[in-house]
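Working notes, structure below.
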């Protein structure tokens, strides 16, 4: 758990993780025993830490793989949505379910920006964002917005064409 470095004892990364987890458990135990019922709603912050960890892995590797940044950004987006649902109501997912498709598209675009610049990844990400936006507009706002499919698909193709040509 400890290592001697420059004559001083230092805690290893596993030791730091153990201290962090024990601290989180202690705070959650105090919240439960005091019947505060607030901290259990903050569990998505643990997912945020996991997403930041994936991004950290991406930054520390010499051979950077875009999958790490894509997964990390998706998990961070999910944790934001889960945190929102914890403090409002999980029934809002009846309207916000297309957000998961949009998050997948955003993760793919991050993979395109920070990884290998294959246009197929950008096109797929843009199509997921467009599809999620259309689903949100049609199923959550009004079924009369079905024509938005063509506008969003056209804008996605214009962006894709500009990136493909450059």
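The values are calculated or read from the model by the stated rules, or taken from the named source; none is laboratory data. Being a predicted model, the structure only gives us computed values, none of them experimental. Methodologically, a virtual Cβ is constructed for each residue, glycine included, from the backbone with ideal geometry; neighbour enumeration extends over all protein chains shown.
Considering only residues that are closer than 20 Å to residue 71 by Cα and at pLDDT below 90, which ones fall in segment 125-142? So that I can check it myself, show each step before the final result.
If we filter segment 125-142 for residues that are closer than 20 Å to residue 71 by Cα, which is where we start, we get 125-132.
Listed by number, the residues that qualify are 126, 127, 130, 131.
It is to be established whether one or more residues within segment 140-160 are in a helix (DSSP H, G or I), in contact (Cβ under 8 Å) with a residue 24 or more places away in the chain, closer than 23 Å to residue 55 by Cβ and touching a helix residue (DSSP H, G or I) at 6+ places or on another chain (Cβ under 7 Å).
Going through segment 140-160, the residues in a helix (DSSP H, G or I) turn out to be 140-141, 143-145, 148-160.
Applying the additional criterion that residues be in contact (Cβ under 8 Å) with a residue 24 or more places away in the chain yields 140, 153, 155-156, 159-160.
Cutting the leftovers down to closer than 23 Å to residue 55 by Cβ gives us none.
Looking for residues that are in a helix (DSSP H, G or I), in contact (Cβ under 8 Å) with a residue 24 or more places away in the chain, closer than 23 Å to residue 55 by Cβ and touching a helix residue (DSSP H, G or I) at 6+ places or on another chain (Cβ under 7 Å), one finds none in segment 140-160, hence no.
Would you mind finding the one in 28, 46, 20, 50 that is in a helix (DSSP H, G or I) and modelled with pLDDT of 90 or more? Break it down stepwise before answering.
Values: 28 fails: modelled with pLDDT of 90 or more; 46 fails: modelled with pLDDT of 90 or more; 20 fails: modelled with pLDDT of 90 or more.
Only one candidate qualifies: 50.
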So residue 28 fits all but one of (1) over 17 Å from the mean Cα position of the chain (by Cα); (2) in the same structural domain as residue 116 (by TED's automatic domain parsing); (3) free of Cβ contacts under 8 Å to residues at least 40 places away in the same chain; what number is the exception?
(2)
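To keep it simple, each residue is scored yes or no on (1) more than 23 Å from residue 60 (Cα to Cα); (2) in the same structural domain as residue 52 (by TED's automatic domain parsing); (3) surrounded by 18 or more Cβ atoms within 10 Å (Cβ to Cβ); (4) in contact (Cβ under 8 Å) with a residue 60 or more places away in the chain.
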site	(1), (2), (3), (4)
73	no, yes, yes, no
76	no, yes, yes, no
84	yes, yes, no, no
93	yes, yes, no, no
103	yes, yes, yes, no
107	no, yes, yes, no
110	no, yes, yes, no
118	no, yes, no, no
From the list 84, 68, 40, 58, which residue is assigned to a helix (DSSP H, G or I) and under 30 Å from residue 143 (Cα atoms)?
84
